[in-house]
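Enquirer: Would you mind keeping the following structure in view while I ask a few things?
The values are calculated or read from the model by the stated rules, or taken from the named source; none is laboratory data. These numbers were taken from a predicted model, which means no experiment stands behind them. Neighbour counts run over all protein chains shown; Cβ positions are idealised from the backbone, glycine included.
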């Protein structure tokens, strides 16, 4: 993944696209920092985890900038988010998540909110990387209540 990002950076440099260059440098920097912390090359799953974390931080920054009336900074963060989104797996819809949740609830015989921890654990293991944890939590709560 790092190689792909570096290739994208080269293309942005050739085109003179400063916004893309800054965005790709930020993303590459985050991945390289994680790689240095780990002491070895990141695998695909670890890279995706870093990118998801970066996405979450960027979304929070966008919210803060918009609340503070700084649309210029929010736009920069949104652009970087769009760069990262190309490398993340497509997220499941609420209906697709609901199907998985119902299957898990049925398979373990969950009946109440007391079973939420078990259901969440199994669902998140199945949907790792393709579903937002908060959305999964909301669907599980809806199905168990």
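Enquirer: Which of the residues that make up region 100-119 are closer than 12 Å to residue 145 by Cβ and surrounded by fewer than 18 Cβ atoms within 10 Å (Cβ to Cβ)?
Expert: Matches in region 100-119: 111, 112, 113, 114, 115, 116.
Enquirer: Being closer than 26 Å to residue 55 by Cβ, in contact (Cβ under 8 Å) with a residue 40 or more places away in the chain and not assigned by TED's automatic domain parsing to the domain that holds residue 55, is that true of even one residue in region 109-130?
Expert: yes
Enquirer: Can you spot a residue in region 91-99 that is surrounded by 11 or more Cβ atoms within 10 Å (Cβ to Cβ), part of a helix (DSSP H, G or I) and over 18 Å from the mean Cα position of the chain (by Cα)?
Expert: Yes, some residue in region 91-99 is surrounded by 11 or more Cβ atoms within 10 Å (Cβ to Cβ), part of a helix (DSSP H, G or I) and over 18 Å from the mean Cα position of the chain (by Cα).
Enquirer: Do we find a residue being assigned to a helix (DSSP H, G or I), modelled with pLDDT under 90 and not assigned by TED's automatic domain parsing to the domain that holds residue 127 anywhere in region 54-76?
Expert: Yes, region 54-76 has at least one match.
Enquirer: Let me ask something additional. Do we have residue 136 as modelled with pLDDT of 90 or more and under 25 Å from residue 48 (Cα atoms) here?
Expert: yes
Enquirer: Testing residue 42 on (1) within 20 Å of the chain's Cα centre (by Cα); (2) assigned to a helix (DSSP H, G or I), one condition comes back false. Which one is that?
Expert: Result: residue 42 passes all but (2).
Enquirer: Here is a follow-up. So which of 83, 48, 88 ends up being out of contact with any strand residue (DSSP E or B) (no Cβ under 7 Å at 6 or more places or on another chain), under 30 Å from residue 12 (Cβ atoms) and in a loop (DSSP other than H, G, I, E, B)?
Expert: Being out of contact with any strand residue (DSSP E or B) (no Cβ under 7 Å at 6 or more places or on another chain), under 30 Å from residue 12 (Cβ atoms) and in a loop (DSSP other than H, G, I, E, B) holds for just one of 83, 48, 88, which is 88.
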